[in-house]
Every structure is written in structure tokens, then in C-alpha cells.
Amino acid sequence: MTSPSPSERAALVGRLRAAGCVYAEDEAELLLAAAVSPAALAELTDRRVAGEPLEYLLGWAEFCGLRIAVDEGVFVPRARTALLVEVAAELTGAAPAVVDLCCGSGATTVALAHRLTPRWLAAADIDPAAVACARRNVAGLDAEVYEGDLFAPLPRRWWGRLDLVVANAPYVPTDAVALMPPEARLYEAPVALDGGPDGLSVLRRVGVEAAGWLATGGHLVVEAGTTQVEALCDAFREAGLIPTVHHDEDLDATALTARRP
């Protein structure tokens, strides 16, 4: 596509800003780069103004310095989840066995593959669309992606042998899903957002099941909301794990680690 005139570029930025796009200038440049024709640009712009996530229009999201493919309906990686990745990477020794639950696009799996040298790396998700997307993203990596509920689809030979389990499980309370930005609640799969009445239904299950799958000294690392920390720490202690809270003000992110003693 030929480069638009300054006035056309300004009009695009103005339209995106009027639609509520905070980073309108950056989004305009990305849409311009993605469009193969003026007609394609018009279509992409109309869809973005209507509220469709930018990542679905581009077909990818940036996460931890990597470009991750994102299919429509699949959970879009959030910048805050970089804290989960960094904390997890600091906990493991050489050649860990690693599983990424509720993997979505597989963004965390890919990021950990670039930071660690796992002897086994796997991901799992209950959503078939997410599994298909994650398999595309891990292509070329020594990683496996399973379809199923949490640990259920994993090979039983890894029971009690995992060094690291990470889970960006849904933690939005059911009643709060309707309050989320339209980009999330209208376009992303509800199963990736809704964490039950208090947002911790899935995370509690992760803790209980992880206690059996982790090796002695292994760690579970999850993301949660700041108001959920106390209840989640209690749940992990009840499961026999030792929790620690990590928070990053810049990312506005909270991660919990839980070690199997």
C-alpha cells in the first residue's frame, strides 16, 4: 500500500482516538503496516473503531519482546503477565520440567522456552481454539500442547516430577466480567476470563492439583488480583504449599509463588 498523506494519517489517528484508543498514534502505524490496500486499511480501521482487539486485526501480540500469534477468540497476552514469566524463570534450576496451564495462545510457554532449558516443556488449555493457536506458536520449539482441563491431559509419568507449574488462569469474578472493557468481554472466550464467584475457583483447583504434580521443592506460579492475595495464599497453604507474593508497581501485576516443601 502506498504511504498515506500527512492529512490521511492524521485523520486515521483522530478516528482511533475518538473511538477511545489510548495509543492512537502507535495503533495507526500498526494498522498501516498491516494493510495491503486502502480498502484493507478501511476495513481494519472500521473493525478497530467498533471495538475489536487490535491484536486480532494484526494477528499477533507483543509479549516479553516476542511476537505471539493470536487467533480470534483466544485470550490476548497482557503485558502484566511478564511478571509471572520473570518470577518463574528465577525459581528454576537447570533442565526443569515445566508445564503452562490455561496457556491460551502459548505466550508464556514461548517466553519460558527462551529463558530456560527445560528437559520437558508442555502447555495445556481446555479451549480447542487456544490449543490450536498455542501449537502454532510453539512450532519449532521442543514443547507439547495438550487439550483438556488443567492437569488432566498430561502424561501421568510426570506426576510428582514437575519442577515448575505456571498458570495464568481466569481470575475475574463472574459478576465483574460484565464490567471488563468491551475488547475483552465481547471478543475473548469467557472460559479465559470468568474465575467463578470470587474469581478463585480455577486457581484453587490449580493449587490442590499442583501439590501432587510438583516434585519436592517445585514451584507453582500464578497471576491474581491484589485483593485476592490473602484468600489465595490461604488456599495454597491448605493444599500443603508455601506461598509468597510478588508485586510489580510498573506492570500493575501480582504473582504468587507456592513451593511444595
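The values are calculated or read from the model by the stated rules, or taken from the named source; none is laboratory data. Keep in mind that this is a model prediction, so the values were computed, not measured. As a convention, Cβ positions derive from the backbone with ideal geometry for all residues, glycine included, and neighbour counts pool all protein chains shown. All accessible areas refer to the heavy atoms of the entire protein, side chains included, with ligands and DNA or RNA removed. Shrake-Rupley method; radii C 1.70, N 1.55, O 1.52, S 1.80 Å.
Numbers at a glance
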quantity: Average accessible area per residue (Å²) across the chain - probe 1.4 Å, nucleic acids and ligands excluded; calculated: 46 Å²
quantity: Exposure rank, largest accessible area first [E29, E209; 1.4 Å]; calculated: E29, E209
quantity: Solvent-accessible ranking of E183, E52, largest area first, probe 1.4 Å; calculated: E183, E52
quantity: Rounded to 5, the percent of DSSP beta bridges in the chain classed as antiparallel; calculated: 45 percent
quantity: Relative contact order computed over the chain (Cα-Cα under 8 Å; 6+ residues apart), in percent; calculated: 15 percent
quantity: C-alpha center-to-center spacing [the stretch 221-260, the stretch 109-133] in angstrom; calculated: 21 Å
quantity: Whether the stretch 48-179 is rounded, prolate or oblate, judged on the alpha carbon gyration tensor where a/c under 1.5 counts as rounded; calculated: prolate
quantity: Computed [θ] at 222 nm, deg cm²/dmol, the chain (DSSP H ≥ 4; -39,500 (n - 2.57); rounded to nearest 500); calculated: -11000 deg cm²/dmol
quantity: Cβ-placed point charges (K, R +1; D, E -1), dipole of the stretch 72-179 about Cα centre in debye, nearest 20; calculated: 300 debye
quantity: Stretch gain in nm, segment H246-A95, where the contour uses 0.36 nm per residue and the Cα spacing is subtracted; calculated: 52.0 nm
quantity: Residue of V85, V245, V13 that the Gaussian network model of the chain assigns the largest fluctuation, springs spanning Cα pairs under 10 Å; calculated: V13
quantity: Whole-number percent relative contact order across the stretch 182-257, with pairs defined as alpha carbons under 8 Å at least 6 apart; calculated: 28 percent
quantity: Full-stretch length increase - S37, R136 - with 0.36 nm per residue and alpha-carbon distance subtracted; calculated: 32.9 nm
quantity: Accessible surface of the chain [probe 1.4 Å, protein heavy atoms]: carbon and sulfur percent; calculated: 53 percent
quantity: H247 accessible area, 1.4 Å probe, all protein chains in place, Å² to nearest 10; calculated: 80 Å²
quantity: Convex hull of the chain built on C-alpha atoms - directionally averaged projected area, nm²; calculated: 14.1 nm²
quantity: Spacing of the two label points (7 Å from each Cα toward its C-beta) at D71 and A178, in nm; calculated: 3.1 nm
quantity: Relative contact order [Cα under 8 Å, 6+ residues apart], the stretch 1-106, whole percent; calculated: 17 percent
quantity: Selection from N168, A123, A97 lying farthest towards where the dipole of the chain points positive, charges on Cβ; calculated: A97
quantity: Lys, Arg +1 and Asp, Glu -1 on Cβ, resulting dipole of the chain about Cα centre, debye, nearest 20; calculated: 720 debye
